[in-house]
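Everything below concerns the one structure shown next.
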Amino acid sequence: MRIIVSGGGTGGHIYPAITLINNIKKLVPNAEFLYVGTKKGLEADIIPREQIPFVTLDISGFERHLTMKNFVVAGKALKAVMKARNIVKNFKPDVAIGTGGYVCGPILMAASLMGIPALIQEQNAIPGVTNKILARFVDKIAVGYKRALSYFPENKVVFTGNPIRDDILLSTRNEGLMEFSLDTTKKTILISGGSRGAHSINKAMLEVHKHFANNYRVQIMHVTGKNEYDFVKNGLADLGVNLDKVDNLAVYPYLYDMPKALAATDIAVFRAGATSLAELTARGVPAVLIPYPFAAENHQEFNARELEKNGAAKVILNRELTGEKLINVLEEMLASENRLQEMVEASRNMGKPSAALAIAEMVVDLAKKTNY
């Protein structure tokens, strides 16, 4: 079985694709894969390290208003479609998968027009433009949120949830507590604005650290992002918070073992990317969500509101975020153990830990329909 996979730009498109590849291998151990991405996206670094065959297309997104750049982008898009057709023709896949990003458009379009079954995996509550267009051509659409069902043809769309890495569920709470030398009697709060950090969250966290320093109930693990680490360290020093003399605050530029950190977490303070939320709900972690305000179609806020509506999270909009507001929300969540446990259950009920395997089974079924 030969499978072409495309998705790029951000980890939110790439890691679900890798997860799907690994789950397909469980079903079809001898399956062959070709990953199509861009030279500038994170996939150019991540996919070769996963030892997955990799080729690139030169394509980027259109501006939302008429500019000269759009004419350049249109020219690249036409070339990308022609190159995509050659890639598909030469690889001869049994099925094509797209997990998001501009790059998967030409590949899935070419595959569909050549009679090759195709599937798109839409991670967000509000679909992006590329997937809305592709929906007319592909055979199946796997969505991460029930809200997204209404945007696609009823005969094609399936609510599966979003794929998560296997190791997210394998780590135990005790392993997480031991890995980071955490106190078993305290509530653990994990803060992360993504691999690059989020300045607005880091700025608000300065007051949060000061408020909870040496608190007997709470311990904080704050992942700043590498570019924001010095800002946080210096900001805490200016507030008189000496991390060497405080036993319940830890600040990291980056965490290499997020699965173990999540396993030890009682409350998360996160952005609202689809992959992160899938991991939180799979583990049943209540959250304070601060959606990235510049996400396409404002999809992060819609993602966050789905968790809030189901009682699994509190939402603070980026423009409303202050240290004081974040402290108040966290104190409210910590004030009632019963209420916090209700949020745990609500989060867990939204989780779809077997999503990747369900989508992998759909892909294998589609591959059986290939007719050259």
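The values are calculated or read from the model by the stated rules, or taken from the named source; none is laboratory data. Quantities reported herein were computed from a predicted structural model and do not represent experimental measurements. So basically every Cβ, Gly included, is an ideal-geometry build from the backbone, and we count neighbours across all protein chains shown. Accessible surface areas use protein heavy atoms only, side chains included; no ligands, DNA or RNA. Shrake-Rupley method; radii C 1.70, N 1.55, O 1.52, S 1.80 Å.
If I ask for residues that are modelled with pLDDT under 95 and either more than 16 Å from the chain's Cα centre (by Cα) or open to solvent by 10 Å² or more (accessible area, probe 1.4 Å) (or both), which ones from the stretch 254-268 would you list?
TYR254, LEU255, TYR256, ASP257, MET258
Quick one: in the stretch 341-372, which of the residues that are part of a helix (DSSP H, G or I) and small (Gly, Ala, Ser) is nearest to LYS92 (Cα to Cα)?
Among those residues, the one meeting the criterion is ALA367.
Residues LYS89, LYS79: which one is open to solvent by 30 Å² or more (accessible area, probe 1.4 Å), part of a helix (DSSP H, G or I) and at pLDDT 85 or above? Walk me through it before giving the result.
Details: LYS79 fails: at pLDDT 85 or above.
Exactly one of LYS89, LYS79 is open to solvent by 30 Å² or more (accessible area, probe 1.4 Å), part of a helix (DSSP H, G or I) and at pLDDT 85 or above, namely LYS89.
May I ask you to list the residues in the stretch 1-43 that are crowded, with 22+ Cβ neighbours inside 10 Å and in a strand (DSSP E or B)?
Passing the criteria: ILE3, ILE4, VAL5, SER6, PHE33, TYR35, VAL36, GLY37.
Only one residue in ASN227, ASN215 is under 21 Å from the mean Cα position of the chain (by Cα) and not acidic (Asp, Glu). Which one?
Sole residue among the options that is under 21 Å from the mean Cα position of the chain (by Cα) and not acidic (Asp, Glu): ASN227.
Before we move on, is ILE46 assigned to a helix (DSSP H, G or I) and either in contact with a Gly (Cβ under 6 Å, 6 or more places away or on another chain) or buried (at least 21 other Cβ atoms within 10 Å of the Cβ) (or both)? Step through it out loud before you land on a result.
Numbers: assigned to a helix (DSSP H, G or I): yes; either in contact with a Gly (Cβ under 6 Å, 6 or more places away or on another chain) or buried (at least 21 other Cβ atoms within 10 Å of the Cβ) (or both): no.
Criteria not met by ILE46.
Mind listing whichever residues of the stretch 326-340 are open to solvent by less than 80 Å² (accessible area, probe 1.4 Å) and part of a helix (DSSP H, G or I)?
LEU326, ILE327, VAL329, LEU330, GLU331, MET333, LEU334, LEU340
Anything in the stretch 193-211 that is open to solvent by less than 70 Å² (accessible area, probe 1.4 Å) and at pLDDT 95 or above? List them, or say none. Don't jump to the end; show me each part of the working.
Of the residues in the stretch 193-211, the ones open to solvent by less than 70 Å² (accessible area, probe 1.4 Å) are 193-194, 197-198, 200-202, 204-206, 208-209.
Answer for the stretch 193-211, where residues must be open to solvent by less than 70 Å² (accessible area, probe 1.4 Å) and at pLDDT 95 or above: SER200, ILE201, ASN202, ALA204, MET205, LEU206, VAL208, HIS209.
Name the single residue, out of those in the stretch 302-328 being more than 24 Å from the chain's Cα centre (by Cα) and in contact (Cβ under 8 Å) with a residue 40 or more places away in the chain, that is nearest to PRO259 (Cα to Cα).
ILE327
Can you tell me which residue within the stretch 154-182, out of those that are assigned to a loop (DSSP other than H, G, I, E, B) and β-branched (Val, Ile, Thr), is farthest from LYS132 (Cα to Cα)?
THR172
Could you tell me which residue of the stretch 281-310 is modelled with the highest pLDDT, considering only residues that are open to solvent by 20 Å² or more (accessible area, probe 1.4 Å) and on the phi > 0 side of the Ramachandran plot?
ASN298
Please tell me if GLU308 is in contact with a strand residue (DSSP E or B) (Cβ under 6 Å, 6 or more places away or on another chain) and charged (D, E, K, R).
yes
Of the numbered conditions (1) at pLDDT below 95; (2) touching a Gly at 6+ places or on another chain (Cβ under 8 Å); (3) open to solvent by less than 10 Å² (accessible area, probe 1.4 Å); (4) at negative phi, ILE168 fails exactly one; give the number of that condition.
The failed condition is (2).
Output the residues belonging to the stretch 114-159 that are β-branched (Val, Ile, Thr) and either surrounded by fewer than 23 Cβ atoms within 10 Å (Cβ to Cβ) or within 18 Å of ALA367 (Cα to Cα) (or both).
Residues satisfying the conditions are ILE116, ILE120, ILE126, VAL129, THR130, ILE133, VAL138, ILE141, VAL157, VAL158.
Could you check the stretch 224-238 and list, in sequence order, the residues that are open to solvent by less than 70 Å² (accessible area, probe 1.4 Å) and either of a type outside the set (Ser, Thr, Tyr) or free of Cβ contacts under 8 Å to residues at least 12 places away in the same chain (or both)?
Within the stretch 224-238, GLY225, GLU228, VAL232, GLY235, LEU236, ALA237 qualify.
Looking only at residues that are farther than 20 Å from VAL157 by Cβ and either in a helix (DSSP H, G or I) or among the aromatic types (Phe, Trp, Tyr) (or both) in the stretch 108-138, which one is modelled with the lowest pLDDT?
LEU113
Can you tell me which of VAL246, VAL288 is over 23 Å from HIS13 (Cβ atoms) and without any contact (Cβ under 8 Å) to a residue 40 or more places away in the chain?
None of the others qualify; the one that does is VAL246.
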